[in-house]
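Enquirer: Here it is, the structure in full.
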Amino acid sequence: MMARSRRMHSAGWFITALGALAVIALVGCQEPAGPAGTGDDNIPMPPEQAPDDMGADDVDTGDDMGTGADPVDPPRIKTDEHGVGHISDPDDFQAYVLDAKTPVLVDFYANWCKPCDILAPTMVKIHDQYEGRAAVYKVNVDNAKALARKYSIRSIPLVILFVHGEIAEQWVGVRPESTYTAAVDAALQ
Amino acid sequence: MEGIVALTRDTFEAAAGRGAALVEFYSPQCGHCRMQAPVMEEAAAGLAGRATVGQINADAEGELAERFNVGVVPTHIFLQDGEEKGRPVGVQKAETLISGIEELF
């Protein structure tokens with residue numbers, strides 16, 4: 001009996017000792033991890049945050065408020081003699097077509113394309129008719145290779161109707177005016 | 001990009017009625033026509049400034065398909081002043097299409 005209880009006692013001490021070691025080990029692990037963690041946080045974060053914040057502030061308050069706002073507010077794109085805007089730059093396309101609040105018809109054309117000439121008056125008519133409710137822009141594919149590639153334009157004339165930046169419908173070749181206006185009307189409802 | 005024009009009944013005469021023209025009747029659902037797309041682009045590049053290169057959606061332009069009696073897509077037609085001078089049917093090589101038009105000059 002005595003021997004057994006003594007053995008139990010020593011086993012108990014052994015377990016306690018193991019527990020203590022485990023605690024020390026854990027604390028030991030935590031201790032270097034703690035300072036290292038906070039150290040990592042402290043050291044890289046301020047340099048990371050500082051230039052980022054500074055950079056962002058510089059861009060936001062400096063560039064955008066100063067130089068950025070000026071060219072964006074008034075139209076940067078050229079308009080033809082019919083008042084239809086011509087877009088060639090992808091940034092302008094983003095601003096005027098993809099970010100537009102209204103439906104937008106984009107007429108992809110080229111100067112050598114005779115059917116495009118035939119379509120042109122229809123687009124001018126729709127431009128005038130829907131002023132303020134829907135927009136019409138023209139893209140000369142020879143001056144806007146990036147846009148022509150992006151929309152995989154193989155043959156022209158190609159008219160794409162964009163609604164909230166998405167392609168709602170597109171037509172290859174010249175279609176009757178009512179084809180385009182019906183789609184614009186549907187987008188306006 | 002080099003010039004492929006999409007032709008419809010309203011634009012066919014103005015675009016392909018005069019001079020040399022290579023027109024292809026295709027259908028959007030036709031796999032061979034899709035295979036032919038880069039060939040048409042190559043032909044358009046090769047013929048740029050010399051001939052009109054056009055595509056006609058045979059599904060949408062029944063009148064033109066009927067007028068040229070097109071029963072198979074892709075069908076290519078060589079035209080001179082609106083008159084048919086040759087008709088390679090099916091998938092073609094760009095050289096065939098370019099040389100077919102060059103023979104008209």
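What follows is calculated from the coordinates using simple rules that are stated; it is not laboratory data. Everything quoted here is computed from the prediction, not taken from an experiment. In this analysis, Cβ positions are derived from the backbone assuming ideal geometry, glycine residues included, and neighbour counts consider all displayed protein chains.
Enquirer: Among residues belonging to region A:87-139 that are within 14 Å of chain B (Cβ to nearest Cβ) and in contact with a Phe, Trp or Tyr (Cβ under 6 Å, 6 or more places away or on another chain), point out the one that is farthest from A:Gly173 (Cα to Cα).
Expert: Looking at residues that are within 14 Å of chain B (Cβ to nearest Cβ) and in contact with a Phe, Trp or Tyr (Cβ under 6 Å, 6 or more places away or on another chain), I get A:Val139.
Rundown of residues vs (1) over 21 Å from A:Tyr151 (Cβ atoms); (2) assigned to a strand (DSSP E or B); (3) among the aliphatic types (A, V, I, L, M), yes/no style:
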| position | (1), (2), (3) |
| --- | --- |
| B:Arg18 | yes, no, no |
| B:Met40 | no, no, yes |
| B:Gly46 | yes, no, no |
| B:Ala65 | yes, no, yes |
| B:Asn69 | yes, no, no |
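Enquirer: Considering each residue of region B:15-56, count those that are facing chain A (nearest Cβ under 10 Å) and of a type in the set (S, T, N, Q), and give that number.
Expert: Adding up the residues that qualify gives 2.
Enquirer: Check every one of the helices (runs of 4 or more DSSP H) wholly within region A:70-185 and list those with 1 or more residues that are small (Gly, Ala, Ser). Let's see the steps before the verdict.
Expert: Numbers: elements: A:90-93, A:114-129, A:145-150.
Output list reads A:114-129, A:145-150.
Enquirer: While we're looking at this one, here's another question. Suppose we keep only residues that are among the acidic types (Asp, Glu) and under 17 Å from A:Gly85 (Cβ atoms) within region A:121-173. Which one would you say is nearest to the chain's Cα centre (by Cα)? Break it down into steps so the answer makes sense when it comes.
Expert: Filtering region A:121-173 for residues among the acidic types (Asp, Glu) gives A:128, A:131, A:142, A:166, A:169.
Filter again for under 17 Å from A:Gly85 (Cβ atoms), leaving A:128, A:131.
Working: A:Asp128: 31, A:Glu131: 27 Å.
Here the answer is A:Glu131.
Enquirer: Quick check, is A:Thr122 polar (S, T, N, Q) and surrounded by 19 or more Cβ atoms within 10 Å (Cβ to Cβ)?
Expert: Values: polar (S, T, N, Q): yes; surrounded by 19 or more Cβ atoms within 10 Å (Cβ to Cβ): yes.
Here the answer is yes, as A:Thr122 does meet what is asked.
Enquirer: Right, another one. So, in region B:84-105, of the ones that are free of Cβ contacts under 8 Å to residues at least 40 places away in the same chain and of a type outside the set (Asp, Glu), which residue ends up surrounded by the fewest Cβ atoms within 10 Å (Cβ to Cβ)?
Expert: Applying the filter and picking the extreme gives B:Ser99.
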